[in-house]
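Shown next, in structure tokens, is the structure this report addresses.
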Amino acid sequence: MPKPLTVAVVAGAALLARRAMRRRIQASPLWPMPALEEPVSGRPRSRALRLLVAAHEEVADGVVQLRLEGRDLPRWEPGAHLDLVLPSGLVRQYSLCGDPADTSSYTVATRLVEDGRGGSREVHEQLAEGMEIEVRGPRNRFPLVEAESYVFVAGGIGITPVLPMLRALPEGADWRLLYCGRSRESMPFVAELEKLDRVTVVTGVPDLDALEVPEGAAVYCCGPEGLMAAVEERYPQVYLERFTPRAAAPGGAFELELRRTGRTLTVPAESSVLAAVRAELPDTLYSCEQGFCGTCQQRVLEGEVDHRDELPTDAERDDSMLICVSRARSERLVLDM
């Protein structure tokens, strides 16, 4: 059985941990990185950028890497991601996997999901070098914390947020990576990673029970939902990065009052709060519809919320909700709308 996991940072100390990590990263000979001028948060940035698709190349079977160029781009920390606003209007999130010190370009990669909702296919088939694309961010809900040691588990395209973390670790840091995928050909950056003696590459299903996790280690995982669920079962305090929503639990109908507009609605069991609200207030802002970006966040005045979003802290949920995915636990919910 794996040893119990001790997380290095307790709730409420995340900002201090990130600042300490910045100081350590800046001293690292592996990848000098300038300090950020402002803390990275999980909330969306209001600034949208128009960037040039300078490179669009296949880096593994079914995986395309984009290099997006601009000027004086906002800096970012390992674990951060971008929102890409695709030509169709779809918004999708992709982890940054390039150099945080580079303020002239961002690098992301995405795997083609054949039975997905169309975002990855649009990136693969409709984006091309020379086009412009709107991006929002960067934002970070997967920060690299300071810890005694690190264990990374990545599945397939889930390697993208891990790459900058490995490069940012100070010289002499205690870390190991388990990288798994369907085949070597489908695993981006595998040749680069296999050169490191702390990396274990596995094709097929990994043996997580054989994973060595030292006391005091911070465990990070990104990859398919099945892999993350298995790691989370063994290490409940693991840091996870998701870009698809968890399977939704059933929910019943409830009453929704929009206090400022004086309207009371019924949200059916098969509908979202966002859909019900937009039927009355069609100008209500939204974006990802998956509980990630925060665009649809609304203040809650009364009622108990069933939070189904991916906001990083409980403090952000105290008096608000993302109406695209979250619902009511109570029979009635009142929003400040």
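The values are calculated or read from the model by the stated rules, or taken from the named source; none is laboratory data. Because the structure is predicted, anything quoted here is derived from the model rather than measured. Cβ placement follows ideal geometry from the backbone for every residue including glycine, while neighbour counts extend to all protein chains displayed.
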Just one listed residue, out of Ala229, Ala249, is of a type in the set (Gly, Ala, Ser), surrounded by fewer than 18 Cβ atoms within 10 Å (Cβ to Cβ), modelled with pLDDT under 95 and farther than 28 Å from Gln65 by Cβ, and it is Ala249
Kindly check whether there is at least one residue in the range 114-133 that is within 16 Å of Leu66 (Cα to Cα), of a type in the set (Gly, Ala, Ser) and at pLDDT below 95. yes
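Within the range 55-78, track down each residue that is outside any strand (DSSP E or B) and more than 19 Å from Arg111 (Cβ to Cβ).
Step one: list which residues in the range 55-78 are outside any strand (DSSP E or B), which gives 61-62, 70-78.
Gly70, Arg71, Asp72, Leu73, Pro74, Arg75, Trp76, Glu77, Pro78 - these are the residues of the range 55-78 that are outside any strand (DSSP E or B) and more than 19 Å from Arg111 (Cβ to Cβ).
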Checked the range 171-191 for anything farther than 19 Å from Leu208 by Cβ and buried (at least 16 other Cβ atoms within 10 Å of the Cβ); matches are Ala173, Ser186, Pro188, Phe189, Val190
Within the range 42-95, residues touching a strand residue (DSSP E or B) at 6+ places or on another chain (Cβ under 7 Å) and without any contact (Cβ under 8 Å) to a residue 24 or more places away in the chain come out as Glu57, Glu58
Within the range 53-80, how many residues turn out to be out of contact with any Lys or Arg (no Cβ under 9 Å at 6 or more places or on another chain) and either more than 24 Å from Gly158 (Cβ to Cβ) or buried (at least 17 other Cβ atoms within 10 Å of the Cβ) (or both)? 9
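What are the residues in the range 120-137 that are assigned to a helix (DSSP H, G or I) and touching a residue at least 24 places away in the same chain (Cβ under 8 Å), if any? Quick ask: steps written out before the conclusion?
Narrowing the range 120-137 to residues assigned to a helix (DSSP H, G or I): 120-125.
Within the range 120-137, Ser120, Glu122, Val123, His124 qualify.
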Hey, Leu256 in contact with a helix residue (DSSP H, G or I) (Cβ under 9 Å, 6 or more places away or on another chain), surrounded by 17 or more Cβ atoms within 10 Å (Cβ to Cβ) and more than 29 Å from Gln93 (Cα to Cα) or not: yes
Selection from the range 276-288 of residues that are free of Cβ contacts under 8 Å to residues at least 40 places away in the same chain and surrounded by 16 or more Cβ atoms within 10 Å (Cβ to Cβ): Ala276, Arg278, Tyr286
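Got a number for residues in the range 110-150 being within 22 Å of Gly204 (Cβ to Cβ) and surrounded by 24 or more Cβ atoms within 10 Å (Cβ to Cβ)? I'd like the intermediate steps shown before the answer.
Filtering the range 110-150 down to residues within 22 Å of Gly204 (Cβ to Cβ) leaves 111-115.
Next cut, surrounded by 24 or more Cβ atoms within 10 Å (Cβ to Cβ) only: none.
Number of matching residues: 0.
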What is the residue count in the range 176-222 for residues that are aromatic (Phe, Trp, Tyr) and either farther than 22 Å from Val64 by Cα or free of Cβ contacts under 8 Å to residues at least 40 places away in the same chain (or both)? 2
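For the range 100-113, which positions are out of contact with any helix residue (DSSP H, G or I) (no Cβ under 8 Å at 6 or more places or on another chain) and part of a loop (DSSP other than H, G, I, E, B)?
Initial filter on the range 100-113 (out of contact with any helix residue (DSSP H, G or I) (no Cβ under 8 Å at 6 or more places or on another chain)): 101-108.
Residues satisfying the conditions are Ala101, Asp102, Thr103, Ser104.
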